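Chemist: Have a look at this one before I ask anything.
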Amino acid sequence: MSFPGRAVQRTWHLVDASSQTVGRLATTIAPILKGKHKPTFRPNGDCGDYVVVVNADKVHFSGKKWNDKIYRWHTGYPGGLKERPAKDMLDRKPEFILKKAILGMLYRNNLRQTYMEPRLKIYAGPDHPHKAQLPDGVDTLPVHPRKRKGSYHFGLGEKYSVTPYQVGLGDSA
C-alpha cells in the first residue's frame, strides 16, 4: 500500500541543547528528521519533521573529546587539509558541531541533501526566528536518558501510553 506524499503532515520540534551530550542529542534528533517516529515511515520517502535546536553553544562532550576530537575538511586546493579541535570549533562555529553529528547519522543520499538538511535548524543562542511555528509555550523534547531503562520514548513524548511490558512489569508466566 502506498502513501501519497502530499498527505504527509510535518510538525515542528523544539530541542534545547544546553548541558546535553552531543552524541546522545544527535541520536534523538536524527530519527525525527527521517520520520521514523511516524507510522507512515518509508525509507525511500520524504516523511520527516522540522527540528529547531537552540543553545547549541552549550553542548557537552564526554571524556577528553574537547581536546582530542579533531574536525577535518579539505579546501580543494593542493595541501588544503584543514583541521581544528572541538574546543576551537565551539568558539568559531558552535552550530557545526551538532550539525556534523546529526548529519553523520543520516544516509548519504538525495533525501538527506534535499529534504532532511534544510529541515534542521540549529541556533547558538536561545533565540530563533521560528516563533510562528513554535510559540513561546511549546515544550522542548525530553532530555535523552543516560541509561536505557524505564519508559522513555525516543521522540514520541506523552502521546502514547506506557504498557506494563515496556516498563518490565509484564507477567512472567
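The values are calculated or read from the model by the stated rules, or taken from the named source; none is laboratory data. For clarity, every value in this text was computed on a predicted model and none was experimentally measured. Here the Cβ is made from the backbone with ideal geometry for all residues, glycine too, and neighbour counts use every protein chain on show. The area values use the complete protein model at the heavy-atom level, side chains included, leaving out ligands, DNA and RNA. Shrake-Rupley method; radii C 1.70, N 1.55, O 1.52, S 1.80 Å.
Chemist: Residues that are basic (Lys, Arg), closer than 19 Å to Tyr107 by Cα and touching a helix residue (DSSP H, G or I) at 6+ places or on another chain (Cβ under 8 Å): does region 67-83 have at least one?
Modeler: Within region 67-83 (the criterion being basic (Lys, Arg), closer than 19 Å to Tyr107 by Cα and touching a helix residue (DSSP H, G or I) at 6+ places or on another chain (Cβ under 8 Å)), the answer is no, since none of the residues qualifies.
Chemist: Checking the conditions here, which among Leu120, Leu81, Leu156 is modelled with pLDDT of 90 or more, under 16 Å from Ala26 (Cα atoms) and out of contact with any Cys (no Cβ under 9 Å at 6 or more places or on another chain)?
Modeler: Just one listed residue meets the conditions, Leu120.
Chemist: For region 46-79, which positions are under 15 Å from Arg92 (Cα atoms), in contact (Cβ under 8 Å) with a residue 40 or more places away in the chain and of a type in the set (Ser, Thr, Tyr)?
Modeler: Scanning region 46-79 gives no hits.
Chemist: Right, here's the next one. Can you name the residue in region 1-17 that is under 16 Å from the mean Cα position of the chain (by Cα) and under 14 Å from Gly35 (Cα atoms) and, of all such residues, is modelled with the lowest pLDDT?
Modeler: Ranking the candidates gives Arg10 first.
Chemist: Considering only residues that are under 12 Å from the mean Cα position of the chain (by Cα) and among the small types (Gly, Ala, Ser), which ones fall in region 74-133?
Modeler: Result: Ala101, Gly104.
Chemist: Considering only residues that are out of contact with any Lys or Arg (no Cβ under 8 Å at 6 or more places or on another chain) and surrounded by 14 or more Cβ atoms within 10 Å (Cβ to Cβ), which ones fall in region 137-147?
Modeler: Matches in region 137-147: Thr140, Leu141, Pro142, Val143.
Chemist: Taking interchain pairs and intrachain pairs at least six residues apart, which have beta carbon atoms under 7 angstrom, with the first residue in region 98-120 and of a type outside the set (Gly, Ala, Ser) and the second open to solvent by 80 Å² or more (accessible area, probe 1.4 Å)?
Modeler: If the second residue must be open to solvent by 80 Å² or more (accessible area, probe 1.4 Å), the pairs left are Leu120/Lys99.
Chemist: With the requirement that a residue be basic (Lys, Arg) and under 19 Å from Lys36 (Cβ atoms), what does region 100-114 give you?
Modeler: Correct list: Arg108, Arg112.
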